[in-house]
Amino acid sequence: MKRGVTTMQDRPRSTEILAPDDAGIARAAALLRAGELVAMPTETVYGLAGDARNPDAVARIFKAKGRPAHNPLIVHLGELEAAQALAELPQAALRLSARFWPGPLTLVVPLRAGHGLAPAVTAGLPSVALRLPAHPVARALLAAFGGPVAAPSANPSGRISPTRPAHVLAGLDGRIAGLLDGGACDVGLESTILGFRGGRAVLLRAGGISREALEEVLGTSVPEDHGTKITAPGQLASHYAPRAPLRLNVRMPHPGEVWIGFGPGCDAAELTLSARGDLIEAAARLFAVLHAADRLDRPIAVAPVPDTGLGAAINDRLRRAAAPRPA
Ligand code: TXA
Ligand code: MG
């Protein structure tokens, strides 16, 4: 995992592991300035960070992940003012940002002219997805870099999202310049993504902030969006997929299956999302448990998880992990 001495363009190279201290953050910022990619911890999942204004860096993100070019990236920023310089935030977006930023909320809003982002970041759309992450290491990196950072989850496209450094390396070692080691991610689910239709917030992706919490701040319901034309991997039926097949709502596993439990009554389960039936704990553990089950290389069966609060986002990810895979 040490940096190779000579690095030729198409030769696999090693990924630098950086400590989350001043020196590591300075090195990561220098790599970003040089157009290289660095995996950074956020409170949701690890992000694969690149300079959002540099077309080469953005192209490297798509290549490292094997991500289809029509799928736009989230731009990560340190401050609300930077968001307002790039895009127009409707009233509802401002209210939500005041309550939930920095944090696991992404807002898709209209771009301003002269934004300076590489066109591939938004896949040519007139809107951009913005987020202010709360993780101290991500915030330190954004401050040291001083510009917008494009960052999808740091996993090969379609696979399980990374919530630990080892998950990032399992998918991307040698394909990215650096990894800032921030330990395990707290929230464990990607950010909730909202768009705005005629000023009204609509849900594009369930995530780390529950719909109930958003509705409470806005004082209105937040309907699911059905009008989006983007067929983003995160919105595709099959995503977050382990190699083995996966069944849902299983109270009685078949012989040979890896049973993933939730709550009491799953004492026989080999792995558990939360033995005490806590949805916050289950969210934080979800992807690590799926990675662990995947390593056992047997079919996977998951116990029922209630659909309230963070359970909605957990079930969203589980349904996509269980969906039939494209051939
Ligand atoms: O928690 C997170 O959101 C993590 C961390 C690293 O911040 N990032 C993440 O990125 O989950 P990614 O690329 O895996 O998912 C981004 C989602 C995609 O489904 C993409 O289609 C959607 O955001 N998106 C980005 N820009 C958009 C836009 N302009 N309109 C609609 N959807 C957009
Ligand atoms: Mg992703």
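Computed from the coordinates by the stated procedures, all read-outs in this text should not be read as laboratory data. Note that the structure is a prediction, hence the values are computed from the model and not measured. Please note: Cβ atoms are built from the backbone with ideal geometry, for glycine as well, and neighbour counts cover all protein chains shown.
Could you work out the relative contact order of the chain, using alpha carbon pairs under 8 angstrom and six or more residues apart, expressed as a whole percent?
For the chain, the relative contact order is 20 percent.
For Leu37, the amide hydrogen comes within under 5 Å of the amide hydrogens of Ala177, Gly178, counting only partners 5 or more places away or on other chains and with H modelled in the peptide plane. Taking every DSSP helix (H) stretch of at least 4 residues in the chain, weighting each as -39,500 (n - 2.57) and dividing the sum by the residue count yields a mean residue ellipticity at 222 nm of -9000 deg cm²/dmol. Maximal additional length on extending the Thr220-Ala98 stretch stands at 42.2 nm, based on 0.36 nm per residue less the C-alpha distance.
Counting only trypsin sites (Lys or Arg not before Pro) that DSSP places in a loop and that have at most 15 other Cβ atoms within 10 Å, the longest clean stretch of the chain runs over 113-228. Computed about the Cα centre, the dipole magnitude for the chain is approximately 880 debye when only Lys and Arg (+1) and Asp and Glu (-1) carry charge, each at its Cβ. Separation of the range 269-319 from the range 122-159 is 26 Å, based on Cα centroids. Size check on the chain: the Cα extents along the three principal axes, sorted descending, read 56, 55, 38 Å.
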